[in-house]
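The values are calculated or read from the model by the stated rules, or taken from the named source; none is laboratory data. Source: prediction; values computed, not measured. Methodologically, a virtual Cβ is constructed for each residue, glycine included, from the backbone with ideal geometry; neighbour enumeration extends over all protein chains shown. The accessibility values were calculated without ligands, DNA or RNA, using every heavy atom of the protein model including side chains. Shrake-Rupley method; radii C 1.70, N 1.55, O 1.52, S 1.80 Å.
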Amino acid sequence: MDIDSAAEEYHKKTISEAIIEPSPDGNGWHILFHKTDGEIVALTAHGGTEKLYHTLDHATDVLQSAGIKKIRVEEHF
């Protein structure tokens, strides 16, 4: 799901929150969206590839700029 679609779904209340977590590959942070139907989808570029951010701050800024206010950061130990 690209950021424009995610913002639209968030405002329609079909996305309950965004989750930022380290990429499984260890090369940055990725963003997941928790939908109200229980589905979890990743943020992708317009071409469909998963978006990665080098810093937590950048990932957070992208979500806040899109109007997504409920953001959770998870780091698995």
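I'd like the residue in the range 5-24 that is outside any strand (DSSP E or B) and closer than 16 Å to E74 by Cβ and, out of all such residues, is most open to solvent (accessible area, probe 1.4 Å).
Across the range 5-24, the extreme among qualifying residues is P24.
H46 fails exactly one of the following numbered conditions: (1) modelled with pLDDT of 95 or more; (2) open to solvent by 30 Å² or more (accessible area, probe 1.4 Å); (3) more than 22 Å from H76 (Cα to Cα). What is the number of that condition?
(1)
Restricting to the range 49-77, name every residue that is assigned to a loop (DSSP other than H, G, I, E, B), open to solvent by less than 80 Å² (accessible area, probe 1.4 Å) and out of contact with any Phe, Trp or Tyr (no Cβ under 9 Å at 6 or more places or on another chain).
Matches in the range 49-77: K51, E74.
If you scan the range 19-77, which residues turn out to be of a type in the set (S, T, N, Q) and farther than 18 Å from E9 by Cα?
S23, N27, T49, T55
If you check D2, D37, which single one turns out to be within 10 Å of the chain's Cα centre (by Cα) and surrounded by fewer than 16 Cβ atoms within 10 Å (Cβ to Cβ)?
The unique qualifying residue is D2.
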